[in-house]
Structures are given as C-alpha cells and as structure tokens.
Amino acid sequence: MVDKPYGTLIGVRPGKLVDQLLEYGLSPKEIIHRLELERKVRRDRAELLTRVAINQRRITEPLQGRRNLTSLYISVPFCPSRCAYCSFASHSLTQYGEKEREAYFAGLIREIEFLRQQALTHGLKFTSVYIGGGTPTTLSAPQLSQLSWIIRDLPWWEGRREVTLEAGRPDTITAEKLAPFAPDARLCINPQSMHNETLAAIGRAHTVEQISESFALARDLGYRDINADLIVGLPGEGVSHVSQSLQSILAYRPEGVTLHMFSPKRASAYSKEAGWVPMGSAEALDASNIAHAMLSAVGMEPYYLYRQRGILGGLENIGFALPGHESLYNIMVINEQRLVLGAGAGASSKFVSSATPWEHQANPKDARVYLRRLPELMASKESLLDKWRNEP
C-alpha cells in the first residue's frame with residue numbers, strides 16, 4: 001500500500017530496529033529481508049532505513065565508548081511571522097517587543113553559562129551545538145556575536161565538533177548576523193519551496209530571489225557547510241513543483257539538503273484553513289523518490305531519518321549530505337543514545353543511561369513562563385546531571 005511504506009513499523013524512529021539488528025550481527029541483506037517479511041516494509045524503504053543506519057554507524061564510530069560526550073541545543077523561539085504549517089515553540093516578533101526579547105536573551109545566556117559550568121563539574125565535552133528555534137537570526141548582530149563567543153568558551157571535545165546556526169528565513173539574514181559564526185559553522189538556509197506563490201501562501205515574507213542572495217552572501221563570508229530545507233507536499237504543489245524547487249536549490253551547491261514531508265499539525269494555522277489540500281499519497285511517494293534520486297546523483301548520502309504522526313503518504317523526514325557534512329547533532333538526537341542538553345524556551349534535555357530508563361526534561365515553550373521558572377529549571381538539570389554521573 002502506498003500509504004503504508006513502513007508497514008507495521010510505528011513511532012518516530014524506525015531506524016532503531018535496524019541499528020539493533022546490525023548490533024546483533026545481521027547483514028544488510030538479511031535486515032532488508034526481515035523488514036519486508038516480518039514488518040511489511042516496502043523494499044525501497046527497508047533499503048533506505050538500512051542505508052541510513054550504516055551511514056550513522058560510520059559517522060558516530062569515533063564517539064563510541066566516550067560517555068562524557070554531549071550536545072547542546074539552544075532555542076531562540078522568535079520568528080518574523082508564523083508559517084501556516086508551523087507548530088514549533090515560536091513567537092512572532094509582534095507578540096514580543098524588543099525589551100522582552102532582550103530579557104529572554106539574558107535568561108538564555110544565563111542558562112548556557114550554567115550548563116557550561118555543569119559540564120566542567122561533570123567532565124563533559126561538547127561535540128555539537130545547534131542554535132535553532134524559531135529563527136535565531138531574529139537576534140541582533142551584537143547578540144549573535146555574544147552567543148558565538150560563549151559557544152567558543154564551552155569545553156569542547158578534541159575530536160569532531162560542529163556548530164549549527166539556523167538562519168532559516170532569508171528575510172532575517174544579514175552579513176553582520178552571519179559573520180560571527182563564519183566560516184566554520186554549519187549554516188541552515190531554509191527555502192521550504194522555490195516558488196514565490198507557495199511562499200506567499202504559507203506566510204513566509206521572503207522571495208526566491210532573497211534565497212539566492214542569502215546563499216551568495218554566505219559563500220562570500222566563507223561558509224563551507226550550508227544545508228537547505230525543502231518541504232515535500234505543501235498544499236498547492238505537485239511533483240513537478242518539488243523537483244523544480246530541488247533543482248533550483250542544488251544549483252547553489254549546498255553541502256546538505258533536508259527533505260521534510262508535509263505533516264498537518266493541530267497547533268498550526270493549516271488545520272484551520274479549509275482551502276489547503278496537499279498532494280495525495282501516490283504523488284508524495286513519487287516526489288520523494290525523485291528527490292532522493294536527485295540528491296544521490298550529486299553525491300549526497302542519507303544520514304538521519306524520522307517520522308511524524310499524520311505525515312504525508314506515511315513517509316519520512318530525511319537528511320542528505322555530502323560525506324563529512326552530516327549533522328552530528330541530528331544523529332545524536334534521533335539515536336537517543338547519548339546525553340543531550342537544552343537551553344531556552346521549548347528546549348529539551350535527555351539524560352540517557354544504559355543502566356536505567358533515560359529521563360527527559362523539557363523547558364516551557366512560552367518564553368515568559370521559561371524566564372519565570374528558570375531558577376527551578378536549572379536546579380532540576382543539576383539534579384538530573386548528578387544522578388546521571390553517579391550511575392554505573
């Protein structure tokens with residue numbers, strides 16, 4: 001069935017099963033056969049899951065046996081406007097004035113500094129930092145500069161390290177904002193679509209031309225690792241729209257592309273818009289497979305994959321990248337095999353243990369509530385870190 005490409009597999013992380021089977025010593029051929037036979041997974045998706053799992057194991061192999069390695073997510077929950085499909089913890093700039101955003105930034109810096117001290121106390125080393133949101137480039141250039149210096153001062157692992165900055169919306173990108181993280185950070189510029197009509201319909205106040213300008217600006221600043229996001233199946237778009245968008249994006253020669261399948265969310269404006277009709281499941285599968293082929297043709301490999309409830313065609317969100325440009329943070333979050341810390345409104349921390357069930361702590365999504373509760377949130381993290389360190 002087209003709408004059951006993953007058969008009886010359920011949950012956000014279907015790749016966990018493949019990783020377990022690899023751990024048991026099964027060959028890729030055996031795993032694909034078992035997924036088809038026992039879980040009714042389409043062969044192309046069984047092959048995809050196995051390919052992703054093998055790539056992840058190659059990327060994370062240097063981290064094995066190092067329990068003290070961790071990642072940090074930094075949440076900037078502000079956007080110029082709220083996209084019609086969005087359900088993330090984000091507030092439009094019209095909801096929060098400049099003084100409130102400054103107060104939020106001060107609280108965010110306080111929590112990051114606290115986590116830096118905790119890392120030093122517990123002997124933790126950071127391998128990756130992901131600045132997401134929201135749209136982090138709604139921060140001012142001086143704020144982004146301050147954030148970049150604090151990140152540099154973290155206790156870093158001597159091996160592979162990565163900092164990702166979600167520039168996201170091209171209408172928030174300036175040279176002054178990108179410069180503090182150039183040229184070594186991984187930069188995300190997220191068109192979502194390369195059709196002006198679609199951009200206007202989903203509430204993004206930028207044009208295709210601005211996307212092109214943003215890529216050119218980032219390259220001029222020296223960025224060597226740029227990822228672009230594309231949503232497959234946005235209402236009003238067909239297979240040809242997706243392939244045309246991806247062809248346009250690939251012309252900028254990004255190092256990575258993330259394909260998100262459209263997924264209607266209850267907290268988004270989409271659920272209230274009766275006129276929005278996404279493509280059908282068969283079209284979505286065609287669009288997805290064409291996109292996968294286009295990305296593979298330029299040398300990109302799939303390296304992380306997850307699913308969401310109600311996702312179009314029962315398919316997946318998936319990241320492709322040129323070798324050496326994969327997001328280590330994304331892999332660590334999806335794998336749920338390592339400690340991940342979160343700072344800011346809506347950020348989550350995961351305290352993973354091999355001995356006991358891992359624990360999860362989520363900061364409040366509302367920025368005002370987050371600031372009010374910041375002292376108790378930090379105290380809770382300190383307690384959980386003490387417990388995590390003392391586990392066998």
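Quick look at the values:
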| item | result |
| --- | --- |
| Residue check for residue 238: in the same structural domain as residue 281 (by TED's automatic domain parsing), modelled with pLDDT of 90 or more and within 18 Å of residue 303 (Cβ to Cβ) | no |
| Of all residues making up region 335-364, the number that are in a loop (DSSP other than H, G, I, E, B) and farther than 22 Å from residue 113 by Cβ | 10 |
| Qualifying residue in region 321-333 (condition: under 30 Å from residue 253 (Cβ atoms), out of contact with any helix residue (DSSP H, G or I) (no Cβ under 8 Å at 6 or more places or on another chain) and part of a strand (DSSP E or B)) | yes |
| Residue in region 322-329 that is more than 30 Å from residue 238 (Cα to Cα), within 21 Å of the chain's Cα centre (by Cα) and in contact (Cβ under 8 Å) with a residue 40 or more places away in the chain present | yes |
| Where a residue in region 203-231 is in the same structural domain as residue 173 (by TED's automatic domain parsing) and its partner, wherever it lies, is polar (S, T, N, Q) and in a helix (DSSP H, G or I), with Cβ under 8 Å and at least six apart | 207/196; 208/196; 208/248; 230/245 |
| Pick from region 382-392, criterion out of contact with any helix residue (DSSP H, G or I) (no Cβ under 7 Å at 6 or more places or on another chain) and surrounded by 14 or more Cβ atoms within 10 Å (Cβ to Cβ), ranking: nearest to residue 114 (Cα to Cα) | 384 |
| Of all residues making up region 312-324, the number that are hydrophobic (A, V, I, L, M, F, W, C) and either closer than 20 Å to residue 116 by Cα or surrounded by fewer than 19 Cβ atoms within 10 Å (Cβ to Cβ) (or both) | 1 |
| All helices (runs of 4 or more DSSP H) inside region 107-215 with 1 or more residues being within 21 Å of residue 327 (Cα to Cα) and either among the hydroxyl-bearing types (Ser, Thr, Tyr) or at pLDDT below 95 (or both) | 141-152 |
| Out of 218, 200, sole residue that is surrounded by fewer than 17 Cβ atoms within 10 Å (Cβ to Cβ) and of a type in the set (A, V, I, L, M) | 200 |
| Test set (1) touching a residue at least 60 places away in the same chain (Cβ under 8 Å); (2) outside any helix (DSSP H, G or I) - residue 371 fails condition number | (2) |
| Per-region count, region 6-51, residues assigned to a loop (DSSP other than H, G, I, E, B), without any contact (Cβ under 8 Å) to a residue 24 or more places away in the chain and at negative phi | 4 |
| Selected residue (only one of 327, 288, 296 is surrounded by 17 or more Cβ atoms within 10 Å (Cβ to Cβ) and either among the β-branched types (Val, Ile, Thr) or farther than 22 Å from residue 129 by Cα (or both)) | 288 |
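The values are calculated or read from the model by the stated rules, or taken from the named source; none is laboratory data. As the structure is a computational prediction, the values presented were derived from the model and not from experiment. Counting neighbours? That spans all protein chains shown, and the Cβs are built from the backbone with ideal geometry, glycine included.
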